[in-house]
Structures are given as C-alpha cells and as structure tokens.
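J.: The structure that follows is given in the form of structure tokens.
The values are calculated or read from the model by the stated rules, or taken from the named source; none is laboratory data. Just so it is clear, the structure is predicted and the values come from calculations on it, not from any experiment. For neighbour counting, all protein chains shown are included, and Cβ atoms are generated from backbone atoms with ideal geometry for every residue, glycine included. Note: accessible area is taken over every heavy atom of the protein model, side chains too, but ligands, DNA and RNA are not part of it. Shrake-Rupley method; radii C 1.70, N 1.55, O 1.52, S 1.80 Å.
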Amino acid sequence: MSVTQDKKLTDIVIGDLMISSEKVAHVQVNNPLEHALLILVKSGYSAVPVLDSSYKLAGTIGKTRILNQVLGLERFEMEQLSNMQVHEAMNSDIPSLSKSDTFMEGVKVVINYPFVCVADEDGYFDGILTRRAILKQMKRDHYTFKSHI
Ligand code: 4BW
C-alpha cells in the first residue's frame with residue numbers, strides 16, 4: 001500500500017511522493033553532451049537532473065538546451081557534442097526541495113516546472129518530484145475526501 005493512501009494533503013511531505021534517486025535517469029557534469037543526448041533520447045525524457053562527481057545536485061539538462069548549444073549559424077554542429085561537456089549547457093539556476101517540505105510547496109514549484117529536484121541539506125541528490133505525482137495525489141484526495149479542489 002502507498003504511504004500516502006489515507007493521508008490528507010496537509011499531512012503529505014515531498015519524501016512521500018518523490019521518485020527516489022536510484023530510479024531517476026541522470027547525467028554528470030563532466031559527461032560529454034553526446035552522452036547526455038543519448039540518455040535523453042533513450043529514456044524518452046525531455047530533461048533530467050545533473051549531478052556532480054559526489055552525487056550532489058548541480059542542475060538540469062534538456063534536449064532543447066543541448067541542441068541550442070550546438071546550433072551554429074547555418075546548421076547544427078553535431079560534431080561539437082563530443083567536444084563539449086554537460087556543465088557548459090546545463091541550467092544551474094533551478095529550484096529544489098527537501099524531503100520534509102510540504103505538499104503545497106511542491107504544488108507551487110510544479111506550476112512552472114515539469115519536475116523539481118529533491119536534495120538534502122548538504123546538496124546530496126535524493127530524487128525528483130514530478131508534476132504527475134502531484135496531480136495524481138490531488139485526484140486521489142478529491143475522490144477519497146470529496147474535497148473541493
Ligand atoms: O518513460 C516514461 N514513462 C512514463 N510512465 N511516463 C512518461 C515517460 N516519459 C514521459 N512520460 C510522461 C509523464 O507523464 O510525459 C510527461 C512529460 O515528460 P517529460 O518530463 O517532458 O520527459 C511525464 O510527466 P511527469 O511524470 O510529471 O514527469 C515530468 C518530468 O520529470 C519529465 C522528465 O523531465 C522528468 N522525469 C520524470 N521521471 C523521470 C524523469 N527524469 C529522469 N528520470 C525519471 N525516472
């Protein structure tokens with residue numbers, strides 16, 4: 001049974017809903033962009049978290065940022081994919097949550113982001129909270145408690 005089965009939204013924390021780190025596709029800061037694009041295409045995700053060599057959260061990277069990075073004046077310079085590293089294209093200006101943050105803090109972030117990374121107080125990556133997990137929980141709450149949302 002899910003940990004959130006009978007919990008009200010106000011009693012749910014991000015740790016109850018997140019996808020834990022071992023199930024999250026990710027890349028590392030020093031990986032070539034070519035590797036990152038391979039992970040994105042093979043996994044089917046638009047964007048994934050970026051971790052440093054000690055598994056601390058460093059940012060996110062998506063297909064659009066990679067393609068923009070190798071976009072020349074007239075064509076995509078795909079040969080650049082093996083010369084450049086993930087840290088040169090990633091977005092490091094991202095929000096993050098901690099496992100003890102509330103459901104409502106998660107709602108606020110996923111309004112603007114399809115997923116948000118979860119990290120501990122030292123920056124070590126714990127997992128991600130997706131928009132899907134938030135919406136699923138709202139639906140469950142609606143049918144369980146007949147709430148007004
Ligand atoms: O492989 C997939 N399996 C399933 N079950 N659903 C998928 C898959 N790929 C995409 N989806 C669906 C999800 O509903 O399309 C939505 C948008 O995917 P995205 O953003 O644009 O690749 C998915 O919505 P979501 O589950 O709320 O996930 C939001 C975003 O979180 C995804 C992706 O960037 C990231 N993500 C989700 N699960 C991940 C992940 N990143 C790495 N590893 C994971 N396991």
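J.: In this structure, does K99 turn out to be part of a helix (DSSP H, G or I), open to solvent by 90 Å² or more (accessible area, probe 1.4 Å) and within 16 Å of I19 (Cβ to Cβ)?
T.: The answer is no for K99.
J.: How many residues are at pLDDT 95 or above and either assigned to a strand (DSSP E or B) or more than 15 Å from the ligand (Cβ to nearest atom) (or both) when one looks only at the range 116-149?
T.: Number of matching residues: 15.
J.: Let me ask something else. Name every residue in the range 84-96 that is crowded, with 16+ Cβ neighbours inside 10 Å and under 13 Å from A47 (Cβ atoms), in order of residue number.
T.: Within the range 84-96, V86, A89, M90, I94 qualify.
J.: Please name all residue pairs, on different chains or six or more residues apart, with Cβ atoms under 7 Å, provided the first residue is in the range 46-75 and is touching a residue at least 24 places away in the same chain (Cβ under 8 Å) and open to solvent by 20 Å² or more (accessible area, probe 1.4 Å) and the second residue is among the β-branched types (V, I, T) and in a loop (DSSP other than H, G, I, E, B).
T.: Between residues of the range 46-75 that are touching a residue at least 24 places away in the same chain (Cβ under 8 Å) and open to solvent by 20 Å² or more (accessible area, probe 1.4 Å) and residues that are among the β-branched types (V, I, T) and in a loop (DSSP other than H, G, I, E, B), the close pairs are D52/V29; A58/V29; T60/I94.
J.: Looking only at the range 9-45, which residues are in contact (Cβ under 8 Å) with a residue 12 or more places away in the chain, open to solvent by 50 Å² or more (accessible area, probe 1.4 Å) and within 12 Å of the ligand (Cβ to nearest atom)?
T.: The answer is I19, K23, H26, V41, Y45.
J.: Here's a follow-up. Taking the range 102-121 on its own, how many of its residues are open to solvent by 90 Å² or more (accessible area, probe 1.4 Å) and in contact (Cβ under 8 Å) with a residue 24 or more places away in the chain?
T.: Of the residues in that region, 1 qualify.
J.: Please work out if D6 is open to solvent by 30 Å² or more (accessible area, probe 1.4 Å), among the acidic types (D, E), closer than 29 Å to D141 by Cβ and outside any helix (DSSP H, G or I).
T.: yes
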